[in-house]
Structures are given as C-alpha cells and as structure tokens.
Amino acid sequence: MLDKHYNPKLVEKDKYENWKSKGYFTAGDISKQKFSMVIPPPNVTGKLHIGHAFDTTIQDIIARYKKAKGFDVLWLPGTDHAGIATEAKVVERLKNLGISRNELGREKFVEKVWEWKNEYVTTIHNQWAKMGLMLDYSKERFTLDEDLNRAVNHVFKKMYDDGLIYQGERIINWDPVQQTALSNVEVIHKNIKGEFYYFKYKLYDSDEYLTVATTRPETMFGDVCLTVNPKDERYQKYVGKYAINPANGEKLIIIADNYVDIEFGTGVMKCTPAHDPNDFIIGEKYHLPHPICINKDGTMNSLAGEFNGLDRFECRKKLVEKIKNEGNLIKIEKITHSVGHSERSGCIVEPYLSKQWFVKMKQLAERSIAYQKSDDKIQFIPQRFNKVFIQWMENIDDWCISRQLWWGHRIPAYYNKKTGEVLVSEVPPKDIENYKQDEDVLDTWFSSALWPFSGFGWPKETDLLKRYFPTDILVTAYDIIFFWVSRMINQSLYLTNNKPFNKVLIHGLIRDNKGRKMSKTLGNGVDPIDVIDKYGVDALRYFLATSSTPGLDMRYSEEKVSSSQNFLNKIWNASRYILLNIDSTSDSSFEKKYLDIFDRYILTKFNLTIKNVTNNMEKYNLGAASKYLYNFVYDDFCSFYIELCKNKLNSDNINIKNNTKKILLHILQGVIMMIYPYSPFISEELYLSLPKHKESIMLESYPIYNSKEVFKDSIKEVELLKNVIKDIRLYKVNNKLAPNYSLKLKIKTSLNLSDEFINNLKYFSYSNDVSFVNESLKLNSLIYPDLEIFIEDNIDKSEVLNKLNADLEKEKFEIDRCEKLLNNPNFMKKAPKEKIKLEQDKLENHKILLQQILEKIKNLG
RNA sequence: GGAUGUUUAGCUCAGUGGGAGAGCGCUUCCUUCACACGGAAGAGGUCAUAGGUUCAAUCCCUAUAACAUCCACCA
C-alpha cells in the first residue's frame, strides 16, 4: 500500500538501473517508425549545472513521449572533449601537483587528459542517471573517439581539396593565458572602463607636433606610420612628412587613407599592422612592414627596448609614465570602450598576427541561407531564430580553426622536412619519417559540427546512419546557435547533402531568483543535485519543463519546485484513494450501459484533456500540455469526480459501483501516462501499483483520444450542479453557517434532472432534506435559468430583497450588453454564425433569469 | 550603429481576435475516513503608453518609453 505522502527518495531508488539493465533505453526495433535525437554533448570539464538539467529534461520528455507513442526512439548520448576548457583544467590540476605541462611533454600530457576524461565521464553518467535520462548507452560516443577522428580527418581533407580550408597569415584573436588562437565567437566583447591617452608626436625637423590618441600605448613599439584622412584639411599638409614616435624615437611616415574617421579622436591614427585587424589591412595596402612587439605570453619583446619582458599592461603604465616625464603626454581621458575577452580564460584578447588554418565561410553560408529560405528548411522553434541564423550567416567571417593546444583532433597536415611543402592527408603518409605533422589541434567545434552524423558512424554508410539520420529534433539554448547549431547546419548540408535535424527547439537560459545570470563569481548557481535531494528529480523535471516558454529565459524558483512536488503528491494521493477502493483483480474495462451523467462528464473531460495534451506535446509545447493535465487533475478529477465517487461508491447498485471503480482506474492510468514523460519515477511507482500492469511503464503506450467517450450533453447538467454546490457553500460562508450545516432545500424546475443530481446535491451540500416542489415558495432562493432552489432558513426578508435587486441590475446590464451587440447590423453581418448564436443564447438565458427574478420579487413582496 | 525580445494580479510568469489565467503570497473558514505537501470561499488587473486596422483588440499594425539580450564599431 502507498504511504500517506509521496517520498521522492524511496520512489527514485533503483528504478533507473532497472530500466537500463532491462534494455528499455536501447533503440533498434525496426518494426516501428524511428525517432532520433542527439544529446548536445556536455564538456568533460566538470559537474553538470541546472542548464544541462533543463536541456536534457526537455529532451527526455520528448524521448519518453515518443516511445510511449510507439516510436523506436534513439537518443544518442555522448560527451565533448572541449579542447581549451579541458586542457586548462588538467594544466591546473598538474600545476597543483607541481608538474608542468611542457616538462611532461605532449604524449604524457594527453594521457593525463584521458585519465581526467574518464573520471568526468563517470560523473556525467551519474548525473544523467539521477536525472533519469533515457539515453541509449550502447551507442555512446565521445568527440575524440577514433571513429570521430577519422571523420574529422576526412572532412579536413575534403574541405582542403575543395578549397574551403586554407592556411594564412592573419590577425587573429590571441589568448595570452592559454596561448592559443581563438575564433571570433570565442571572444566576448565587454564594455569596460579604460583610458584614452593623447600623445604629442613631434614632426621630424620641425617644432610642430600632431596629437595622436590611443587606448593601447604598448603597441606603439609596433607602429609603422601615422594615418590621416585625405579630406581632413587640418592635416593635409603633413601627408608624406615624418613624425617621431614618442615611445622609441623612431621616424613614422604620415600617410592618408579614407579609413580614418575625421570626427573620431584627433583625426590622426597610429597604425600597428601586427596588432590590429584594421591597421593590418592598411599595412597590406601600402606594403608596410608588420613588426610584432608582444610575445605569445603577453609580455613585451625586444622591440620594446627597456620594457622588454614586461607584461603588456605593466609596460603600458611604465611607458605612459616615461612619455609624461618627457613632456609628450597631453591628457588622459577616461572612457568606456568595448574590449574583447577570452571566453575561456577571461583575459583580454590580443589581436595578433600569426599563421593559422581557416575555414572559408562564404560558400558554406550561402548554401545554408538558401536552404533556410526554402520550403524544406529546418524548422526553428520559435521561428524567429531562423532569422537570427540567417543574419549571422550573412555577416560571417572566416573561421579560425587551429588551436595551439595538445588536447584535440590534431590537424592532418604534414610538412615535408626537406621542401617544407604541405601534405593534407586522412592518414599519415607512408614515408612519415620525411614529414612533420602540424603541431596544432582543431577547434573543438570543428568536431562538434559533425555530431549529428559522425555520431552514427559517418562517413561510413552504417546501419545507424541509414536509419536514424537525419535526426528529428535538436534541443539547445539560444546562446549556442552561433557556436554549434549554425555549424552543424553548414557542415551537414555540405557533407551529407541533407539537413542534420528536421527541427531545432531553442530554449532560454536559467537565471537566479532575482533574474541574474548564474555565474561562478556571483556564486548564485543552483546545483541540480541539491534540488533533487530536497524535492526529488520528478519535481525538478516538472518545474523545468513547465515554467518556461520556448526561447525565453526563466528564473529558478524554489517555490515552484515545491509546488511541483505538491502536484505530484496530489496525483500520488489520488492514486492512493483509488487503490484503496479497488482490488487487485480490477480492470478498467467499464461498461457503457452503466454510465451515469457524471461518468459521462468525467470521461468527456478526460478525453478532451488527452486531446489537448497530445496536441501540445506534438508541438513540443511542454508547458501548455502540462497545464491541461494539471487543471484536469485538480479541478475535474480530484475536486469533483473523486469527491463524488465517495458518495457513489456507497451506492447499493453493485453494477454502478463496479463500473465506477473501473472508470476511476481507467482515468488514473491515463493521468499517470500523461505525467510520466515529465516525472518518470513517481509514474513508474504508481504504475506498478496498479492491477494488471506490464513489467514497466516504459513498455506502456500513451492514452489515445477516444471520440466515442465524449458526451457533450453531459456538460450542461454537471456544470449546473457544480454551480449550485458552489452557491450553497458561498451561502453558508456569507451567513456564517458551518460547512456541514444541513439546509432544507426545495427544487422547482422545468428541467429533467437526473436522480444523481439530487443525490449529489445532498451529498455535497450536507443537506439531507432535498425535494421537488411545483409552485414558487416565499423563501430565500438561488436562481438559475429554468431552476430555482429554495432555502428554508431564518433569513431577514429585506436582505433577500436587496440581493435580488442587485441581481436584477446585473441581469439588466448583461441583457443590455447582448442586445447592443445583436442590434449592431455590422456585427450581425460580419461576425461568424457561432458567435452570433452564442450571444443569442446568452441573451435568452439572461432574459429567463430576469423573468425569474422579477417573479421572485413579486412573490416575496 | 543594426537586430531581437520583454512589459498581464503584491511577486514570478502562462495565455487568447469574441467578457482575463496559474503558482506563490494575502483574508475568512474547515483537522470531513486520498492528500493540512490538504479542502472550501474570497480580495486583488485601464493586460506599459499613444494612435491605427476590425462588427469586435490585452492579442494584429505603426510609433513611443523602460528593461534585457545579441551582432558590429570604436585608432
């Protein structure tokens, strides 16, 4: 027997291991239609956070729903090697042990990272298990697996041959802490406070000077010229002359180029080709040299003279001091400007001239744009993200893919030791001794971009690939569209001639309860494991899936997790009640001939709920679906039908009694199945408590809307009863009568009410004395269309009259409203017929009520 | 500079071209044998502002404001 309260800890125990070991997570039933998803592979860098819990919960609900709907569901698990992030973690761990990465050497270091990886994959598995995820572990992948490495090499070679990958010397984003190049999306621009330094640049052989403003004085050692706008009348006369660099006393030629904005700063720009992308373009244009003055670790090199070896920011300080002492500092202006930071290390990124590998984006992007403008396009949910994607693609720069790291897919490029020639090859050349492989590895996202097909064994034509690719849906947060979603689309169209997924469900981020982004520095992160310990994973999952709208951020709210738990407890106790009243041999095959009006009513509501829930599940609108279920469970099933059954099950009619039990069981089964994708553990527990269950709820199928169990005619009478009950309760409250105070009620009606109506009116209102009368009584009463309920009670007549007059006014107002609408010729001409009928019916009802009230007033007077 | 989103009850948020909903909080009452992790009743909203379209607008359109996010630029 079930306990009085639902205990998540007991309920969640052992179930996951059981499901897994029984093979319920394993896809492969080819008699069914397939449904496939790939998990966004989490980084093997640490614990999963609440954002992962959110993302995977949505996917698990979809997976479980589809499985229950009869699909062969494959949800592919996997993890990402996460180059920079993981390498940084391992470097730090080794450092704490007093070991340096470089001393260890490449091979040994990579071994250490594999150890780390194995450790964290275990942690991730444990967390997936806690979340209850229906992942097919038999097909699990890691982005650095051998198979995936083959895929990566294959793609690199193909793109190189197609001219889509090239090597070039360019200004890239350099992370001086990790000492690697970064792509543009790995740079986060932040508005920070800085200084704008105004320096005197004396003209060569003259007493005059130009004022040049810069935010980065330390790069002055790499300057090659000063630039002004040719149209700038202030400076035209200086073009072609020389100025003295106050940092090192060197001569700088003054050139003219339209790039310079006359309005900005002083209109004179210093040009540092090796440390600024725009300056680099100018440098190329005028064939200027591009001296590098900063080392890879962010310290100054010998070009900086006395500052050689100093950190770049330390140098800035000292250099400004020096220039000031020499009388060449004019002023320092405080400004707020946007500065690029490394996504991983957080340090300020250095624009840096270096030789790297790039993916040419134009061609790939054009194809994706055309595809996303076609009818066959991948459907973004919500749709507006397609626009975000297209705009991004239209403005995309080439993608820097080489990283100066050890952990990752090593670039399959080999340099001939004698000639220096580059050989790109999927496998090492046979005469490897004559070659040296490129030292760099690829951007992690290069392999992630292949995930929806490389995970199934591509480029081999595997059975998995043939059956499960393209996948049906990808679920991820909007912040990952540029990193991942867009690249998967590009690569999939290019490599497989197919889309990677039919749909993309985009969700938002989880913020803290004050709406702030969760961050390590604020310490406001929420650990899903803590929440699970307190409220259970089912409540967490229910909260995550139902408290958000696609594409919008949500706030974490402990109150809502708690109220989710209360809802589950409600279902638990409804089950408990039903199980207490049926026996182990019961089944749910009720008979139609014994259905009374309330049975028909609840079956109608139940089936409409199935319809609404299913429709929303099909649209992946998990929040809306859950609301239909929630309202049905509380309002229709628990508050009304189960309460009513307490009376009904006392009936002398054994057929009615048994039929009622079957209906209760039938509906309970449906409710459990509909809550199951959201909260699988409690659902399994309840399911297994039901008579005649299968081995697991995971083998059960989803309830199906049955139009033969919809009895629209039942609604009116039952709603009337509900209203009467409510009014009687209110009457008692208003007259300070105890809830169980028994009123004498007399009913006058022209309606053909069922016996159950009277029976249940007695039951719900604690009124033992209820009977029909023919004539109107001079008593206090509740008035409904075609129905009046007299209450025998000692109530002041004048109060009754007051209330009646108030009701009268209300009715007049309503009638007025309806008549106005119906007398509007435009409304009658243009409004839909159903709406007109609705308003006509309303008017009719209000008129009847008005008549009854008038009559009542007359009788009382 | 460009784009997108948000604005609805005290708080957090759903939602719809045809009389506004939930959770939590609040008020009153009830420990009635599924559940006090509960039940019953209730208070509380010019649906940001101004125009427009429509028989009808909280919803569609156009502006405006506040807040948020993304992209680009910044010598």
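For the stretch A:136-194: of the residues being among the β-branched types (Val, Ile, Thr) and open to solvent by 60 Å² or more (accessible area, probe 1.4 Å), which is nearest to RNA strand B (Cβ to nearest atom)? Once the filter is applied, the top-ranked residue is A:188. Filter the stretch A:642-688 down to the residues that are at pLDDT 95 or above and small (Gly, Ala, Ser), then identify the one that is nearest to the chain's Cα centre (by Cα). By that ranking, first place goes to A:679.
Rundown of residues vs (1) near RNA strand B (Cβ under 10 Å from one of its atoms); (2) in a loop (DSSP other than H, G, I, E, B), yes/no style:
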| position | (1), (2) |
| --- | --- |
| A:205 | no, yes |
| A:212 | yes, no |
| A:221 | no, no |
| A:227 | yes, no |
| A:231 | no, yes |
| A:237 | no, no |
| A:240 | no, yes |
| A:243 | no, no |
| A:249 | no, yes |
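The set of residues in the stretch A:311-333 being open to solvent by 60 Å² or more (accessible area, probe 1.4 Å), more than 30 Å from residue A:443 (Cα to Cα) and more than 14 Å from RNA strand B (Cβ to nearest atom) consists of A:314, A:317, A:318, A:321, A:324, A:325, A:326. Residues in the stretch A:213-241 that are without any contact (Cβ under 8 Å) to a residue 12 or more places away in the chain and closer than 15 Å to residue A:276 by Cα: none.
Looking at this structure, is residue A:98 open to solvent by 10 Å² or more (accessible area, probe 1.4 Å), part of a helix (DSSP H, G or I) and small (Gly, Ala, Ser)? Judged against the criteria, residue A:98 is not a match. Yes or no: residue A:834 touching a helix residue (DSSP H, G or I) at 6+ places or on another chain (Cβ under 9 Å), more than 30 Å from residue A:643 (Cβ to Cβ) and within 16 Å of RNA strand B (Cβ to nearest atom)? Here the answer is no, as residue A:834 does not meet what is asked.
Just name the residue that is farthest from residue A:660 (Cα to Cα) out of those in the stretch A:568-613 that are β-branched (Val, Ile, Thr) and in a helix (DSSP H, G or I). Out of the qualifying residues, it is A:613.
Condition check ((1) touching a Phe, Trp or Tyr at 6+ places or on another chain (Cβ under 8 Å); (2) crowded, with 21+ Cβ neighbours inside 10 Å; (3) within 30 Å of residue A:105 (Cβ to Cβ)) across all residues:
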residue: A:397; (1), (2), (3): no, no, no
residue: A:404; (1), (2), (3): no, no, yes
residue: A:414; (1), (2), (3): yes, no, yes
residue: A:419; (1), (2), (3): no, no, yes
residue: A:454; (1), (2), (3): no, yes, yes
residue: A:459; (1), (2), (3): no, no, no
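Okay, residues lined up against (1) touching a residue at least 60 places away in the same chain (Cβ under 8 Å); (2) closer than 21 Å to residue A:438 by Cβ:
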| residue | (1), (2) |
| --- | --- |
| A:349 | yes, no |
| A:366 | no, no |
| A:374 | no, no |
| A:391 | no, no |
| A:399 | yes, yes |
| A:405 | yes, yes |
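The set of residues in the stretch A:728-761 that are within 13 Å of RNA strand B (Cβ to nearest atom), touching a residue at least 60 places away in the same chain (Cβ under 8 Å) and either charged (D, E, K, R) or not in a helix (DSSP H, G or I) (or both) contains only A:735. When we screen A:634, A:620 for residues that are under 29 Å from residue A:3 (Cα atoms) and either within 13 Å of RNA strand B (Cβ to nearest atom) or surrounded by fewer than 16 Cβ atoms within 10 Å (Cβ to Cβ) (or both), the only hit is A:634. For the stretch A:816-834, state whether one or more residues are over 24 Å from residue A:729 (Cβ atoms) and crowded, with 17+ Cβ neighbours inside 10 Å. There is at least one residue in the stretch A:816-834 that is over 24 Å from residue A:729 (Cβ atoms) and crowded, with 17+ Cβ neighbours inside 10 Å. For the stretch A:35-64, a tally of residues being open to solvent by 40 Å² or more (accessible area, probe 1.4 Å) and among the basic types (Lys, Arg) returns 1. Of all residues in the stretch A:557-567, those satisfying the criterion of being assigned to a helix (DSSP H, G or I), of a type outside the set (Asp, Glu) and within 9 Å of RNA strand B (Cβ to nearest atom) are A:560, A:562, A:563, A:564, A:565, A:566, A:567. Close Cβ contacts (under 7 Å, 6 or more residues apart or on different chains) running from residues in the stretch A:165-193 that are among the basic types (Lys, Arg) to residues that are crowded, with 16+ Cβ neighbours inside 10 Å comprise A:170/A:356; A:190/A:339; A:190/A:341.
Only a single item in (1) at pLDDT 95 or above; (2) closer than 25 Å to residue A:15 by Cβ; (3) not hydrophobic (A, V, I, L, M, F, W, C) is not met by residue A:692, and it is number (1). Taking residues in the stretch A:126-149 that are in contact (Cβ under 8 Å) with a residue 40 or more places away in the chain, and partners anywhere that are open to solvent by less than 20 Å² (accessible area, probe 1.4 Å) and polar (S, T, N, Q), the pairs with Cβ atoms closer than 7 Å and at least 6 places apart or on different chains are A:131/A:56; A:131/A:57; A:133/A:56; A:142/A:79; A:143/A:447; A:143/A:448; A:148/A:447; A:148/A:454.
Where strands (runs of 3 or more DSSP E) fall wholly inside the stretch A:323-432, no range has 2 or more residues that are modelled with pLDDT of 95 or more and acidic (Asp, Glu). Checking the stated criteria, residue A:296 turns out to be in contact with a Ser or Thr (Cβ under 9 Å, 6 or more places away or on another chain) and in contact (Cβ under 8 Å) with a residue 12 or more places away in the chain.
Each row is one residue, and each column tells you yes or no for (1) within 19 Å of the chain's Cα centre (by Cα); (2) open to solvent by 40 Å² or more (accessible area, probe 1.4 Å); (3) among the small types (Gly, Ala, Ser).
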| site | (1), (2), (3) |
| --- | --- |
| A:532 | no, no, no |
| A:537 | yes, no, no |
| A:549 | yes, yes, no |
| A:554 | yes, no, no |
| A:557 | yes, no, yes |
| A:567 | no, no, no |
| A:589 | no, yes, yes |
| A:592 | no, yes, no |
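Residues in the stretch A:533-556 that are farther than 21 Å from residue A:9 by Cα and of a type in the set (Val, Ile, Thr) were compared, and the one that is farthest from RNA strand B (Cβ to nearest atom) is A:546.
The values are calculated or read from the model by the stated rules, or taken from the named source; none is laboratory data. Quantities reported herein were computed from a predicted structural model and do not represent experimental measurements. Every residue, glycine among them, receives a Cβ derived from its backbone with ideal geometry; neighbour counts consider all protein chains shown. Accessible surface is based on the protein model in full, side chains and every heavy atom, while ligands, DNA and RNA are left aside. Shrake-Rupley method; radii C 1.70, N 1.55, O 1.52, S 1.80 Å.
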